[in-house]
1. If packing is taken as the average count of other Cβ atoms within 10 Å, what order do 362-369, 116-123 fall into, highest mean first?
2. Run the reach check for Lys410 against lysines, Cα to Cα strictly under 18 Å, same-chain hits fewer than 8 apart removed. What comes back?
3. If you take every residue apart from Thr175 with its C-beta less than 12 Å away from the C-beta of Thr175, what net charge results, scoring Lys and Arg +1 and Asp and Glu -1?
4. Rounded to whole Å, give me the distance from the Cα center of the stretch 229-254 to that of the stretch 82-124.
5. Under a cut-off of 21 Å between alpha-carbon atoms, report the lysines in cross-link reach of Lys218, not counting same-chain residues fewer than 8 places apart.
6. Can you compute the modelled spin-label distance between Ser222 and Glu399, with each label point 7 Å from Cα toward Cβ, in nm?
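Just so it is clear, none of the values below were taken in a lab; they were calculated from the coordinates. It should be emphasised that the depicted structure is a prediction, and the values quoted were computed from it without experimental measurement. Note that each Cβ is placed from the backbone with ideal geometry, even for glycine, and that neighbours are counted across all protein chains shown.
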Amino acid sequence: MTTLSSPNSSTVSPPRGTISPAAFGTYESPMPGDSHSGHSEPAISDNDETELHFVSWNQDYSCFAAGTSRGFRVYNCDPFKETFRRDLKSGGFGIVEMLFRCNILALVGAKANTQYPPNKVIIWDDHQSRCIGEFSFRSEVRAVKLRRDCIVVVLEHKIYVYNFMDLKLLHQIETVANPRGLCCLSHQLNISVLACPGLRRGQIRVEHFGLNMTKLIKAHDSQIACLTLTIDGLLLATASTRGTLIRLFNTIDGTQLQEVRRGVDRADIYSIALSPNVQWLVVSSDKGTIHVYSLRVRVVGEDASADAAVRTPTLLCQNSSASLDALISPSTGANPGSSLSFMKGVLPKYFSSEWSFAQFHLPECTQYIAAFGSQNTIITAGTDGSFYRCSFDPVNGGEMVQREYVRFLKTESRPR
């Protein structure tokens, strides 16, 4: 085993020094309930109390992973089903990060895990049922993000970017205190973009690695609470700890493209997601309401069948200009605003706000993450072990309609 060291930060231990490209494949799951582990430990009975520590989507929202007090599980979203689970006697996982639908996962142990502590990242090959790489740090890991070409580890004050094939350190980024582990990546193969908190309150740092360019964006006056990128990394959506406004930025020049209002009262934003066609934005918070917003950002002359790589230059040229207001798609509704919005610049900013286009109400006592499913649907996964699917009217908006509810894990626990 080759051991590589990162300066003053971590020890990286990949078997034979590399991860073979052959390790990346689409996972062929066993039947639901077929549990095994890389350490040949006996499976834990599902009758035992299982706590839910963590839930997160994969990169295209087709699956989500759940870290439990027993191990981890992966669920398919459409149709909904448990794809597989791994139960370990050594304890559970506080972070489980998927790489699309392939067999490689990043795992971080929960505090009670006797084998994998919360300051260590495990790169797990589920085909081989074993660890194929490790990163050890001096402080607790706050988040892990994966691309096909890199692994990003987020600590409270620093972010490390590693090459996926040989686990060598590529970049180190210092941030303001980041206990939420905020960081997001683009996932288009030829465009590598990373967004994270900067060194100042309310600031976002955007790294365009392919362009060798860093852009600092003053997104909010308060600390950043949530952020997300489009698949190509060209658009960024953010919210602050006030939780009243969500803003959309061009990551190339830092231009603010749109601002929408969640509400007036302070809220804790749990998740933000952008639809693949950049037509909609969905937000979840501790207020219990899932909000969907219509976006004014459009690719001029866009064609749903056009390749994203072809549309990108048009997006760069058009979406940084002041002509965005004219790019509202005629096939969808616009976000409602105040009847006094015509007095913008005279009355307080509140009266010119754009409000949500569609809404879905969930219990306030549970933390939900929300994303887009197919055909104008929203999917949510909650830390109470619940999964919802609801649909919205793309023309009229309003209250969404519940289409599916599944209790995938019975628990009363909340994530760390």
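1. Top to bottom by mean Cβ count within 10 Å: 116-123, 362-369.
2. Of all the lysines, those that pass the test against Lys410 - Cα under 18 Å, at least 8 places apart if same chain - are Lys81.
3. Its environment carries a net charge of +3.
4. One Cα centre to the other: 29 Å.
5. Lys158, Lys349
6. 2.9 nm
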